[in-house]
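To start, the structure itself, in structure tokens.
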Amino acid sequence: MIRNQRKERPLLRCFHVFAFCLIAGALLLAKSGEDWQRAIQPRAWKFPEDHGLHPAFRTEWWYFTGNLSDAAGAKYGYELTFFRQGVRFAPLNPENPWSVRDLFLAHFTITDESRGIFRAEDLLSRVGPGLAGARTGKMDVWLLDWSARMKDSVISVNARKNGMELQLELVPKKPIVIHGRDGLSRKGPEEGEASYYASFTDLETKGTISLARSGPKVAVTGRSWFDHEFSSNMLAKDQVGWDWFSLHLSDERDLMIYLLRRADGSLGAASSGTLVEPNGKARHLELSDISVEVLDRWRSPRSGGNYPSRWRIRISAAEIDVVVTPLLTGQELVPGGLPDLIYWEGAVAGEGNSRGRRIASEGYIELTGYAGNLKGIL
């Protein structure tokens, strides 16, 4: 059951139309440029500097998801994501702060399992004079009063809109993980169809959330996952979307899977994953190591997208066999300012076996390309 489907005010609808026109034109300009760097070889990563902005690449995102609970044991999920989309490699008028180089889009969601509530908000802005941006050399990204900042190994994330609010502190329990066999996360067979992709897979989390302006701030604790990815032409020509899984297993193993879907229904050979052991050691997984079986589906009444909604995940070589299910089926995002960027991103939980022992699991799953048109975005 999805609640809080609020009505848009006429002024907000006008903003969404304007924003769509702005970003659609911007993306056409962005794709015509040849100056953007591409991910074509392994990167010499350096942290904490590489948590910051990489302006030479056209597309970049900072992605936080987490599974939380309150003192009574009620379960929540959250997502806070900042997308940067390059418009021009160099602004037409560098002296004018309104001259567009990058656009920033942010999504913020909270899932409340016990009350069957899923709420989502989004923001869209050009960089402008301080409206949005990210700094090089450290994690410091913001869009109006939404932000993600790292100081002394503690990440603070904050967002608020229409009564929904999030204030959390995240502390890494495992070292940063670089995805890809050789540090290059390949997404297709051609040169440059790849990204640079790093994660904190296990972040101890505490803070407060609120779902309504008149409601209380709820103290929560739990675990989060952080992804940072940047590229310039990630999707191959025949790819229509991806299914992304980030799972925490109760035996302290973390699992990421990235399945790239082709237009003919098959999976791209570059689909892959990463298994992170309790000591932080990461192991690259090829597509041949991964089995994901869809056990159920859900059709969105808003977009018409027909999404998978229950999965059996097996990594035979690692002795993992789990079944996961969404906390709520209707965790779909339909941004007003960018109608092609429709995707399902939701908190999930399940149980199964890991190395012969019964375990529980929790995490997040992202499903793109089931509605909208990613080719208009990436």
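Using Cα positions and a limit of under 17 Å, work out the aspartates and glutamates in reach of K75, with same-chain residues fewer than 8 apart set aside.
Candidates past the 8-residue exclusion: D112, E113, E165, E204, E345, E351, E362.
Using only helices, what value at 222 nm comes out for the chain when you add -39,500 (n - 2.57) per DSSP H run of length 4 or more and divide by the total residues, to the nearest 500 deg cm²/dmol? Walk me through the numbers on the way to the answer.
Values: 1 runs with 23 residues, N = 378.
Result for the chain: -2000 deg cm²/dmol, rounded to the nearest 500.
What do you get for trypsin sites (Lys or Arg not before Pro) in the stretch 197-281 restricted to DSSP loop and a cutoff of at most 13 other Cβ within 10 Å of the site's Cβ?
Details: sites: K206, R213, K217, R223, K237, R253, R261, R262, K281; in loops: R213, K217, K237, R253, K281.
The qualifying sites are R213, K217, K237, K281.
Under the rule of at least 5 residues apart or a separate chain, name every residue whose amide H is placed under 5 Å from the amide H of K187.
Correct list: A194, S195.
List the chymotrypsin sites (Phe, Trp or Tyr not before Pro) within the stretch 37-67 that DSSP assigns to loop and that have no more than 14 neighbouring Cβ atoms inside 10 Å.
Values: sites: W45, F57, W61, W62, Y63, F64; in loops: W45, F57.
Here the chymotrypsin sites (Phe, Trp or Tyr not before Pro) that fit, given the DSSP loop and packing criteria, are W45.
I need the trypsin sites (Lys or Arg not before Pro) found in the stretch 45-103, filtered to DSSP loop residues with at most 12 other beta carbons within 10 Å of theirs. Present the calculation step by step, with values, prior to reporting the outcome.
Numbers: sites: K46, R58, K75, R84, R88, R101; in loops: K46, R58, R88, R101.
Answer in residue order: K46.
So if I average 1/r over every pair of distinct C-alpha atoms in the stretch 10-376 and take the inverse, what Kirkwood radius in Å does that give?
Details: mean 1/r = 0.0480 Å⁻¹.
By the Kirkwood definition, the hydrodynamic radius is 20.8 Å.
Along the charge dipole of the stretch 176-304, which of G207, I176, H248 sits closest to the positive end, that is, farthest toward it, with unit charges on the beta carbon of Lys, Arg, Asp and Glu (+1, +1, -1, -1)?
G207
So which of K46/K237; K161/K281; K138/K237; K46/K281; K138/K173 end up more than 29 Å apart by C-alpha? Kindly include the intermediate steps, with their values, before the conclusion.
Numbers: K46/K237 31 Å; K161/K281 38 Å; K138/K237 33 Å; K46/K281 18 Å; K138/K173 19 Å.
Pairs exceeding 29 Å: K46/K237; K161/K281; K138/K237.
Karplus couplings for the stretch 58-66 from phi (6.51 cos²θ - 1.76 cosθ + 1.60, θ = phi - 60°), rounded to Hz, Gly and Pro as x?
6, 10, 8, 9, 10, 10, 10, 9, x
Where a number appears in this text, it was derived from the coordinates with a stated rule and is not lab data. Note that this is a predicted model, so its numbers are computed, not measured. Using ideal geometry, Cβ is built from the backbone for each residue, glycine included, and neighbour counts are taken over all protein chains shown.
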